[in-house]
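First up is the structure itself, then whatever we jot down about it.
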Amino acid sequence: TAALDENGNVVEHAQGSLIDDGIYAALKFLEILDAQNAATPTRVVDFMASLPTYATSNELRLFAPDEQKSQVVSAIRDSLLSQYKKDLPPDRPLVVASGLKIQDGRAATIEVDGIRLQFKDGAWLVVRMSNTSPNLVIKFEAKTPKRVRELMIAVRELLRAYPDVEAKALDDELHRFS
């Protein structure tokens, strides 16, 4: 089993330990590739080509004064949950184990340093507070560019209520998806 850390990285649960490591992830990938049980070896390029592709935004950093970040994320969370309630799968609870916040990666909402919504159609968005700078970090992914744009527009409209949040990077990304 695996979990997502606060940055959205996949963290493997291996023998009671949490592992967030690139070399380990690469070895797990090779293990998955090896488990394909093909009569002939599967080339990485062929395996990767068989996986679905998604439209994804860049990771966007929007300046937001530190004293406003929490309020902005909270308001966006409430508005998005209200607006998209019917489009979200059933939620799963956040669990605290050994001081770590752990949430099932299939949960409709993941609330670690912000909000991540995972929709029934496979789309997701994240709006979180940067822990190291006066920024909100946002990202979107969906099966189609049209759906990514729809989610970006929804967040952009909510951000209009906060003139101190600089949304130029989001505006530029919206232009890229038009």
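Quick one: which helices (runs of 4 or more DSSP H) sit completely within the stretch 64-178 and have at least 2 residues that are out of contact with any Ser or Thr (no Cβ under 8 Å at 6 or more places or on another chain) and of a type in the set (V, I, T)? Walk me through it before giving the result.
Details: elements: 66-84, 145-159, 168-176.
Ranges flagged: 66-84, 145-159.
Just checking, does the stretch 14-29 include any residue being touching a helix residue (DSSP H, G or I) at 6+ places or on another chain (Cβ under 9 Å) and either at pLDDT 80 or above or part of a helix (DSSP H, G or I) (or both)?
Within the stretch 14-29 (the criterion being touching a helix residue (DSSP H, G or I) at 6+ places or on another chain (Cβ under 9 Å) and either at pLDDT 80 or above or part of a helix (DSSP H, G or I) (or both)), the answer is yes, since at least one residue qualifies.
Every residue, every condition in (1) closer than 20 Å to L88 by Cα; (2) polar (S, T, N, Q); (3) touching a residue at least 24 places away in the same chain (Cβ under 8 Å); (4) open to solvent by less than 70 Å² (accessible area, probe 1.4 Å), yes or no:
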position: I115; (1), (2), (3), (4): yes, no, yes, yes
position: Q118; (1), (2), (3), (4): yes, yes, yes, yes
position: V127; (1), (2), (3), (4): yes, no, yes, yes
position: T132; (1), (2), (3), (4): no, yes, no, no
position: K139; (1), (2), (3), (4): yes, no, yes, yes
position: E150; (1), (2), (3), (4): yes, no, no, no
position: Y162; (1), (2), (3), (4): no, no, yes, yes
position: L170; (1), (2), (3), (4): no, no, yes, yes
position: E173; (1), (2), (3), (4): no, no, yes, yes
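Checking R61 against (1) within 26 Å of S178 (Cα to Cα); (2) open to solvent by less than 20 Å² (accessible area, probe 1.4 Å); (3) not small (G, A, S): exactly one of these is not met. Which one?
Unmet for R61, out of (1) within 26 Å of S178 (Cα to Cα); (2) open to solvent by less than 20 Å² (accessible area, probe 1.4 Å); (3) not small (G, A, S): (2).
Looking at (1) open to solvent by less than 90 Å² (accessible area, probe 1.4 Å); (2) at pLDDT below 90, find the lone condition where R92 falls short.
Status for R92: all satisfied but (1).
The values are calculated or read from the model by the stated rules, or taken from the named source; none is laboratory data. Note that the structure is a prediction, hence the values are computed from the model and not measured. Cβ sites come from the backbone with ideal geometry, for glycine too, and all protein chains shown count toward neighbours. Protein only, heavy atoms only, side chains kept; ligands, DNA and RNA dropped before computing areas. Shrake-Rupley method; radii C 1.70, N 1.55, O 1.52, S 1.80 Å.
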